[in-house]
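Participant: Can you read through this structure? Questions will come right after.
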Amino acid sequence: MVYNITLIPGDGIGPEITEATKRVLEATGIGFHWDLVYVGGGVQAKIGTPLPDNVIESIRKNRIALKGPVTTPVGSGFRSVNVALRKELGLYACLRLCKTYAGAPSLYKDIDIVIVRENIEDLYSGIEFEVGSPEAARLIRFISEATGEVVRQDSGLSIKVISGMRSRRIVRFAFEYARAHQRKKVTAVHKANIMKFSDGLFLSAAREVAEEYPDIEFEDRIVDNMNMQLVQKPQRFDVVVAPNLYGDLLSDLCAGLIGGLGLAPGANLSDDMAVFEPTHGSAPKYTGLNKANPMAMMLSGVMMLRYLGEGEGADRLEKAIAEVIAEGKDVTYDLKPEAPHTAVGTSQVANAVVEKLSRY
Ligand code: NAD
């Protein structure tokens, strides 16, 4: 069996960690045909769009992709390729696994949290009004008429959109994941005390869906309190479901709890399509330096193998990565905070994982 996978190296550290991940996936002995496609600033400069049609077509055809991170210009320039891809393909669920591996530089042990983040709406809906634009002025007038609230004329506005359907869909995804993976509890995260009509809707949808799953415990947390509890006792949490922005923030927080972004894998999913990618971004300052940790992308590859039904190959690859982390010799700088000068580079990590795989 050979799997057709769309491979998107991304930019910044993306191409290096993609190459390392491709090597370890091939070393499992599973067959892949990589459909290599490009996105981002380089493509934008050549053909005028950072997300060409052939990328979307390739993912639609293969229904599965492995993707490196892509830089998004801050403040101006093109909109996020990552957000556009998720919206275009309807990849409504973002799944991020945060698990402690022995030997990783973490203050904690035994964390095994799954973050399920809504991927399409909330403040990421892309509905924004630039300061000084006629549209912003109209909206400001409308708000004043409708609510009596005064919004300053020199305001930019980003709209937070939360729908009942998409809230129920993401919470159901979290419960289905919990059930399929023998998880015991789902925690919904929100700020419904302040944003009663958006987060309040998310919370009531979560409560409604939770009733369909009496076998799984359900609780909710206000997002600020959730941050504190995660830092104090992360082992208390199992599956966590949140609207888009809180899910984004919680993902990086949880990555920090387990030893850093270099160990945090992820996937963007619809009911029949999946794009696997690490939680972290393109870390531009490390571009081309053979310095970044490829393990978050390798672990995203492990998630991809499980998705493909290649459980045995996934177990072997995860074990090989875990052994390299536990030995602590062939790891990148982020996993060696006490002795960064002894760290190895991206490609040496791949060599070490391939060597482990060759033994079993
Ligand atoms: P980042 O995740 O790229 O990097 C933050 C810091 O984390 C880095 O400076 C580095 O110290 C560390 N880090 C990240 N990945 C690492 C790795 N694999 N190995 C070792 N250290 C690692 O976040 P940022 O600097 O805020 O974002 C850079 C760019 O990436 C931005 O343009 C942002 O929009 C984009 N981004 C893309 C994605 C994606 O493609 N899915 C996700 C997040 C951010």
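The values are calculated or read from the model by the stated rules, or taken from the named source; none is laboratory data. This is a predicted model, so every value here is computed, not measured. Here the Cβ is made from the backbone with ideal geometry for all residues, glycine too, and neighbour counts use every protein chain on show. Accessible surface areas use protein heavy atoms only, side chains included; no ligands, DNA or RNA. Shrake-Rupley method; radii C 1.70, N 1.55, O 1.52, S 1.80 Å.
Participant: Segment 48-198: percent of C-alpha pairs farther apart than 29 Å? Before the final figure, lay out the partial values.
Facilitator: Numbers: 4328 of 11325 pairs.
Roughly 38 percent, once rounded to a whole number.
Participant: On alpha carbon coordinates alone, what is the Rg over Rh value for the chain, Rh being the Kirkwood radius? Kindly include the intermediate steps, with their values, before the conclusion.
Facilitator: On the way: Rg = 21.0 Å, Rh = 21.4 Å.
A ratio of 0.98.
Participant: Just how far, in whole angstrom, is segment 297-360 from segment 125-153 if you go by their alpha carbon centroids?
Facilitator: Segment 125-153 and segment 297-360 have Cα centres separated by 50 Å.
Participant: Return the loop-located trypsin sites (Lys or Arg not before Pro) in segment 179-266 (DSSP other than H, G, I, E, B) with at most 14 other Cβ atoms within 10 Å of their own Cβ; answer none if there are none. Don't skip to the end; give the middle numbers.
Facilitator: On the way: sites: Arg179, Arg183, Lys184, Lys185, Lys191, Lys196, Arg207, Arg221, Arg236; in loops: Arg183, Lys184, Lys191, Lys196.
When the trypsin sites (Lys or Arg not before Pro) of segment 179-266 are filtered for loop state and at most 14 Cβ neighbours within 10 Å, Lys184, Lys196 remain.
Participant: Using packing as a proxy for protection, rank 293-303, 144-154, 20-30, 97-107 so that the peptide with the highest average count of other Cβ atoms within 10 Å comes first. Write down the numbers at each step before the final one.
Facilitator: Numbers: 293-303: 28.0, 144-154: 9.4, 20-30: 20.5, 97-107: 18.4.
Those peptides, ordered most packed to least, come out 293-303, 20-30, 97-107, 144-154.
Participant: Right, here's the next one. How much of the DSSP bridge set in segment 125-231 is antiparallel, in percent, rounded to the nearest 5? Don't skip to the answer; put the middle values down first.
Facilitator: On the way: 2 of 8 bridges.
Once the DSSP bridges in segment 125-231 are tallied, antiparallel ones form about 25 percent.
Participant: Per residue, how much accessible area does the chain show when a 1.4 Å probe rolls over the protein heavy atoms, in square angstrom?
Facilitator: Values: 16240 Å² over 360 residues.
Spelled out: the 1.4 Å probe surface of the chain, per residue, equals 45 Å².
Participant: Indicate, rounded to the nearest 5 percent, the antiparallel portion of the DSSP beta bridges found entirely in the chain. Could you put the intermediate results ahead of the total?
Facilitator: Details: 17 of 42 bridges.
Restricted to the chain, the bridges split so that about 40 percent are antiparallel.
Participant: Next question, about the same structure. Can you check what the net charge comes to around Tyr213, using other residues whose Cβ is under 10 Å from the Cβ of Tyr213 (Lys, Arg +1; Asp, Glu -1)?
Facilitator: Working: positive: Arg172, Arg179; negative: Glu176, Glu211, Glu212, Asp215, Glu217.
The answer is -3.
Participant: Taking the inverse of the average 1/r across all pairs of different Cα atoms in segment 198-334, what Kirkwood radius in Å do you get?
Facilitator: Details: mean 1/r = 0.0580 Å⁻¹.
The Cα-based Kirkwood calculation yields 17.3 Å.
Participant: May I pose another question? Size of the dipole of the chain about the Cα centre, Lys and Arg at +1 and Asp and Glu at -1 on the beta carbon, nothing else charged, in debye to 20? Don't jump to the answer; show the numbers that get you there.
Facilitator: Details: 41 positive and 45 negative charges, 32 e Å.
Once rounded to the nearest 20, the dipole reads 160 debye.
Participant: Quick one: work out the % antiparallel among DSSP beta bridges in segment 1-107, nearest 5. Write out the running numbers ahead of the final one.
Facilitator: On the way: 0 of 9 bridges.
Antiparallel bridges make up about 0 percent of those DSSP assigns within segment 1-107.
Participant: Something else now. Can you give me the C-alpha center-to-center distance between segment 249-295 and segment 169-201, rounded to a whole angstrom?
Facilitator: Their Cα centres are 22 Å away from one another.
Participant: Output the lone cysteines of the chain: those with no second cysteine's C-beta under 4.7 Å from their C-beta.
Facilitator: Cys94
Participant: Within 13 Å, Cβ to Cβ, of Ile325, how many net charges do the neighbouring residues add up to if Lys/Arg are +1 and Asp/Glu are -1? Before the final figure, lay out the partial values.
Facilitator: Working: positive: Lys99, Lys319, Lys329, Lys336, Lys356; negative: Glu318, Glu323, Glu327, Asp330, Asp334.
Residues close to Ile325 contribute a combined charge of 0.
Participant: Too long at a 31 Å Cα-Cα cut-off: which of Lys185/Lys291; Lys22/Lys185; Lys184/Lys285; Lys22/Lys191; Lys22/Lys61; Lys61/Lys285? Before the final figure, lay out each step's value.
Facilitator: Numbers: Lys185/Lys291 38 Å; Lys22/Lys185 34 Å; Lys184/Lys285 40 Å; Lys22/Lys191 40 Å; Lys22/Lys61 20 Å; Lys61/Lys285 34 Å.
Pairs exceeding the cut-off: Lys185/Lys291; Lys22/Lys185; Lys184/Lys285; Lys22/Lys191; Lys61/Lys285.
Participant: How long are the three semi-axes of the equivalent ellipsoid for segment 53-103, computed from the Cα gyration tensor as the root of 5 times each eigenvalue, in whole Å, largest first? The partial results should precede the final answer.
Facilitator: Working: eigenvalues 112, 69, 22 Å².
Taking √(5λ) for each Cα gyration eigenvalue gives 24, 19, 11 Å.
Participant: Radius of gyration and Dmax for segment 231-281's Cα atoms, expressed in Å?
Facilitator: 11.9, 37
Participant: Follow-up question, since we're still on this one. Relative to the first principal axis of the alpha-carbon coordinates of the chain, what is the inclination of helix 311-327, with its axis defined by its Cα atoms, in degrees from 0 to 90 and to the nearest 10?
Facilitator: Around 80 degrees separate the two axes.
Participant: Quick check on packing: order 48-55, 226-233, 168-175 by the mean number of other C-beta atoms within 10 Å, highest mean leading.
Facilitator: On the way: 48-55: 16.2, 226-233: 14.8, 168-175: 22.9.
In decreasing order of mean packing, 48-55, 226-233, 168-175 become 168-175, 48-55, 226-233.
Participant: What is the percent carbon and sulfur in the accessible area of the chain, measuring with a 1.4 Å probe over the protein chains and ignoring ligands? Provide the component values of the computation, followed by the final result.
Facilitator: Working: 8760 of 16240 Å².
Solvent-exposed carbon and sulfur of the chain make up 54 percent of the total.
Participant: Something else about it: On the principal axes of its Cα set, how long, how wide and how thick is segment 83-155? Give whole Å, largest value first.
Facilitator: Reported extents, whole Å, longest axis first: 57, 32, 20.
Participant: Given a cut-off of under 8 Å on Cα pairs at least six residues apart, what relative contact order in percent is computed for the chain?
Facilitator: Details: 732 pairs, mean separation 80.8, N = 360.
It rounds to 22 percent for the chain.
Participant: Which value, in Å to one decimal place, does the Kirkwood hydrodynamic radius take for segment 43-129 when every pair of different Cα atoms is included? Don't skip to the end; give the middle numbers.
Facilitator: Numbers: mean 1/r = 0.0635 Å⁻¹.
Over segment 43-129, the inverse of the mean reciprocal pair distance is 15.7 Å.
Participant: Follow-up. Give the Kirkwood hydrodynamic radius (Å, one decimal) of segment 1-90, defined as one over the mean of 1/r across all pairs of different Cα atoms.
Facilitator: Details: mean 1/r = 0.0730 Å⁻¹.
Mean inverse Cα-Cα distance, inverted, gives 13.7 Å.
Participant: What do you get for trypsin sites (Lys or Arg not before Pro) in segment 261-360 restricted to DSSP loop and a cutoff of at most 14 other Cβ within 10 Å of the site's Cβ? Walk me through the numbers before you get to the answer.
Facilitator: Values: sites: Lys285, Lys291, Arg306, Arg316, Lys319, Lys329, Lys356, Arg359; in loops: Lys291, Lys329, Arg359.
Of the trypsin sites (Lys or Arg not before Pro), the ones in loops of segment 261-360 whose Cβ has at most 14 other Cβ atoms within 10 Å are Lys329, Arg359.
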